[in-house]
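The values are calculated or read from the model by the stated rules, or taken from the named source; none is laboratory data. Since we're looking at a predicted model, the values are computed, not measured. FYI the Cβ positions are ideal-geometry reconstructions off the backbone, even for glycines, and counts take in every protein chain you see. The area values use the complete protein model at the heavy-atom level, side chains included, leaving out ligands, DNA and RNA. Shrake-Rupley method; radii C 1.70, N 1.55, O 1.52, S 1.80 Å.
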Amino acid sequence: MEDTIFTKIVKGEIPCYKIAENDKFFAFLDISPIAQGHTLVITKLQNDYIFDLPDDLLGEMMVFAKKVALGIQKAIPCNRIGVAVIGIDVPHNHIHLVPINGVGDLNFKAERVKLTPEQFKQIAENISSAIEL
């Protein structure tokens, strides 16, 4: 099986704005965000469909995503962190964590937020420093 873009990010072959990682999971900023702080949480294990993950790994992934989401909420002003699992664009399971103020903010058809590399870097640092793993 060929490596996905996410596997290449985990291996360090493609750069990213890393938020957090442990031995099983990796979180990084979406480079085409629908909101500042839009973060992707993935398993390091390459697997296409999130619901094909073993139950224990899926549970651990959600706990890791929760810690990341709480960090995002501390760093980015918002009412909640929206959660979405779509799994169509990249054949590697991933959870979208998006700062939102209302249900309409979790709209993947909306125009994407344009950020400079410096803004991405600062957002990643702010979120990363707010996470308690």
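For this structure, a couple of remarks:
- For the stretch 23-53 and the stretch 64-133, distance of Cα centres in Å: 10
- For the residue pairs K74/K121; K18/K66; K44/K66; K8/K44; K8/K66, the C-alpha atoms sit more than 20 angstrom apart in K8/K66.
- Computed [θ] at 222 nm, deg cm²/dmol, the chain (DSSP H ≥ 4; -39,500 (n - 2.57); rounded to nearest 500): -10000 deg cm²/dmol
- Value of relative contact order over the chain, rounded to a whole percent, pairs C-alpha under 8 Å and six or more apart: 31
- Taking a ≥ b ≥ c as the square roots of the Cα gyration tensor eigenvalues, the stretch 34-84 comes out prolate, since a/c reaches at least 1.5 and a/b is larger than b/c.
- Compared with the dominant principal axis of the Cα atoms in the chain, helix 117-130 is inclined by about 80°.
- For GluC sites (Glu not before Pro), the sites in the stretch 1-96 that DSSP calls loop and that have at most 12 other Cβ atoms within 10 Å are E2, E13.
- For the chain, the share of accessible area belonging to carbon and sulfur comes to 54 percent (1.4 Å probe, ligands and nucleic acids excluded).
- Ordering V63, T39, F51 by Cα displacement along the dipole of the stretch 23-133 toward the positive end leaves T39 in first place; charges were set at the Cβ atoms of Lys, Arg (+1) and Asp, Glu (-1).
- Rolling a 1.4 Å probe over the protein heavy atoms gives the chain an accessible area of 57 Å² per residue.
- Cross-link partners of K67 among aspartates and glutamates (Cα-Cα below 20 Å; sequence separation of 8 or more within a chain): E21, D23, D30, D55, D56, E125, E132
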